[in-house]
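The values are calculated or read from the model by the stated rules, or taken from the named source; none is laboratory data. Note that the structure is predicted; figures quoted are calculated from it, not measured. Cβ: placed from backbone, ideal geometry, glycine included. Neighbour counts: every protein chain shown.
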Amino acid sequence: MPGSLTSPSIHLLSYGAENRWDDFIASSPDATFFHFAGWRKIIEETFGYRTFYLFAERNGVITGVLPLTYIKSRLFGSRLVSNACAMYGGPVAIDDESRGSLAAEAERLMAELELPVLELRSIKSHRVDWATRSDLYVTFRRRLLPTVQENLKAIPSGQRTIIRNRASQNQLYSELDDSIHRFYPIYAESVRNLGTPVYSTKYFATLIETFEGRCDIVTVMYGREAVASSLNVYIRNEVMTLYVGGTYAARGLGANVFMFWEVMRRACERGYTLFDFGRSKVGTGSYTFKRNWGFQPTALAYQYKLGRGRSIPDQNPLNPKYRLLIATWKRLPLPLANVLGPPIVKGLG
């Protein structure tokens, strides 16, 4: 940026000033849904964590933002992360100086809080001097075509056959939900079957309430039975399937494939032009499933400022040390998994 610009000042977002922050997010092409100020409420009220929502300002105009969460966990360690519960994060700014000032303030907070790790879940790497992991997570994003029929034709034949034939044979249809009543049991069953702890009902209810108008739930029905459900979020021209789940019967019915198509179809009809399948770990079933839709993966660059002698945290389910825990979790009765899950997933952030 030109040298005549004054240096940005860094501030903490005050309560009641969220609209100003969100106006910047809505107008910034690099910002994601996880940068909205509403996440502060969700994180503080659901998990009780401290947050530091930093913004850079120059001449009274916001030039960058960085939402940070202070995660304290005996099981998984303490750290400062942008952003908790998110697949994307990191600083968003209109110039390098603002971005650098935000990162510098985050480093200062890390030192002040005596934390071993500062983690920025960025789509792109910005700091060449930070440790970076780009071999674990990918995102799948693709432009939506102008019409429903064009989008259907763009789907590879295998998935398209399921949408046209099997879903039709099973008389599947979708409905929009305004609560988590049908979504949560389906999602909870799905993550238990994967060996993953589930978020609490309070987390999802707060998310729906906080982002009213920016999220919805598409539920696939087989007769009167809900068999698959997707909680979707929207920003600018984009739709993302953030949390999804299917019952044991869903795969045989073609309901999982049909669910994603229905989210895509509804978004197209509403004028959205980009579909985000969300994050997947390389080499997993989710990764393969999304590739089968013709989407190409883009590596996510998660960057870390590490304390002396520290290494990049490895808290993902592919870590061999979690195999026994995951295998045990898959066998838990669902009611028990739903009780034990929220306190554990809280520490994962």
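Evaluating G254 against the criteria (1) under 18 Å from the mean Cα position of the chain (by Cα); (2) crowded, with 21+ Cβ neighbours inside 10 Å leaves one unmet condition, (1). What number of residues in region 81-135 are more than 20 Å from A299 (Cα to Cα) and basic (K, R)? Total satisfying the criteria: 2. Sub-6 Å Cβ pairs linking a first residue in region 44-56 that is without any contact (Cβ under 8 Å) to a residue 60 or more places away in the chain to a second residue that is crowded, with 21+ Cβ neighbours inside 10 Å and small (G, A, S), at least 6 apart or interchain, are A56/G64; A56/S98; A56/S101, ordered by first then second residue.
Looking only at residues in region 156-187 that are hydroxyl-bearing (S, T, Y) and either out of contact with any Asp or Glu (no Cβ under 7 Å at 6 or more places or on another chain) or surrounded by fewer than 17 Cβ atoms within 10 Å (Cβ to Cβ) (or both), the one that is farthest from E225 (Cα to Cα) is S157. Taken together, the residues in region 275-317 that are surrounded by fewer than 20 Cβ atoms within 10 Å (Cβ to Cβ), basic (K, R) and over 26 Å from V191 (Cβ atoms) amount to 2. Residue pairs whose Cβ atoms lie under 6 Å apart, separated by 6 or more positions or on different chains, with the first residue in region 93-110 and crowded, with 22+ Cβ neighbours inside 10 Å and the second in a helix (DSSP H, G or I), are A93/R99.
Can you find a residue in region 34-49 that is outside the structural domain of R279 (by TED's automatic domain parsing), surrounded by fewer than 19 Cβ atoms within 10 Å (Cβ to Cβ) and either aliphatic (A, V, I, L, M) or assigned to a strand (DSSP E or B) (or both)? Checked against the condition, which is being outside the structural domain of R279 (by TED's automatic domain parsing), surrounded by fewer than 19 Cβ atoms within 10 Å (Cβ to Cβ) and either aliphatic (A, V, I, L, M) or assigned to a strand (DSSP E or B) (or both), region 34-49 yields no hits at all. Take region 285-315 and flag every residue that is of a type in the set (V, I, T) and modelled with pLDDT of 85 or more. Within region 285-315, T288, T298 meet the criteria. Restricting P67, P29 to those that are of a type outside the set (A, V, I, L, M), exposed (fewer than 15 other Cβ atoms within 10 Å of the Cβ) and in the same structural domain as H126 (by TED's automatic domain parsing) reduces the list to P29. If you check V233, V218 for being touching a Cys at 6+ places or on another chain (Cβ under 7 Å), part of a strand (DSSP E or B) and modelled with pLDDT of 95 or more, only one passes: V233.
Collect the residues in region 227-241 that are within 16 Å of R182 (Cα to Cα) and either under 15 Å from the mean Cα position of the chain (by Cα) or surrounded by fewer than 21 Cβ atoms within 10 Å (Cβ to Cβ) (or both), keeping them in residue-number order.
Of all residues in region 227-241, those within 16 Å of R182 (Cα to Cα) come to 227-232.
Those that are within 16 Å of R182 (Cα to Cα) and either under 15 Å from the mean Cα position of the chain (by Cα) or surrounded by fewer than 21 Cβ atoms within 10 Å (Cβ to Cβ) (or both): S230, L231, N232.
Exactly one residue out of K41, K124 is closer than 24 Å to E209 by Cα, charged (D, E, K, R) and under 18 Å from the mean Cα position of the chain (by Cα): that is K41.
Of all residues in region 164-191, those that are of a type in the set (K, R) and at pLDDT below 95 total 2.
Only one of K153, K124 is loosely packed, with under 13 Cβ neighbours inside 10 Å and assigned by TED's automatic domain parsing to the domain that holds L102; which?
Of K153, K124, the one residue that is loosely packed, with under 13 Cβ neighbours inside 10 Å and assigned by TED's automatic domain parsing to the domain that holds L102 is K124.
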